[in-house]
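A short reminder: the numbers here are calculations on the coordinates, not readings from a lab. Being a predicted model, the structure only gives us computed values, none of them experimental. So basically every Cβ, Gly included, is an ideal-geometry build from the backbone, and we count neighbours across all protein chains shown.
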Amino acid sequence: MRSSIHAHLTAAAGIMEATAEACVAPAEDAARAIAESLKNGGKLLLCGNGGSAADAQHLAAEFVATLDHNNPRQALAAIALTTDTSFLTAYANDFGFEGVFERQIEALGKKGDVLIGLSTSGNSANVVRGMEAARKQGITTIAMTGGKGGKLAGCADITIAVPSQSTAHIQECHIALGHAITALVENLMAS
């Protein structure tokens, strides 16, 4: 038992190192795009499914609350499109699940906003459709994915692709990247 835990953590550390090498530049680009949007009255929208939905909610909370309660700052506008269960279930029931993020972006997004679409495979149909809708509205699109980025890479202005095929390790890195991006946005907003 302990050896499997050790193996998982050791593998995670290796992927985190590879992510540090591969993803610093696009993560910095993402933070700059988000800070510019927020400074100009825009907002950050986030979406994903399953664990990526939880990550979207986690990161939205970091922006609205604060990353570090010892470093209070103004609220930053962020909305996880994964939280309105009444809308999600009504729309999915009537029209299908593939359009749930697209529809919310049509209603809530505006030119100058930023959308982060999280998908470990990069091929989640509803996230891809959300990203495509965002681009049509002049919303900057950021894909947080794994491997080669999947379909999301083709519809994102910025792609942050964790160099792994393991869903668990990609999600571990997405949260670490999300925290790093949030910290940089906080610094950029303060300057």
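Electrostatic bookkeeping for Ala133 treats Lys and Arg as +1 and Asp and Glu as -1; over the other residues with beta carbon under 9 Å from its beta carbon, the sum is +1. Summing Lys, Arg as +1 and Asp, Glu as -1, what charge do residues with Cβ under 14 Å from the Cβ of Asn40 carry, Asn40 excluded? Summing Lys and Arg as +1 and Asp and Glu as -1 gives +3.
In a simple Cβ point-charge model (Lys, Arg +1; Asp, Glu -1; nothing else charged), the chain has a dipole of about 220 debye relative to its Cα centre.
The DSSP beta bridges internal to the chain are antiparallel in roughly 0% of cases. Each of (1) 17.1; (2) 16.6; (3) 23.6 is a candidate for Kirkwood radius over Cα pairs in Å; the one calculated from this structure is (2). Annotation: amide H of Val162 within the under-5 Å range of Thr145, Gly146, Gly147, sequence separation 5 or more or interchain, hydrogens built in the peptide plane.
Once you list every other residue whose beta carbon is under 14 Å from the beta carbon of Ala13, what net charge do they have if Lys and Arg are +1 and Asp and Glu are -1?
After counting each charged neighbour, the total is -3.
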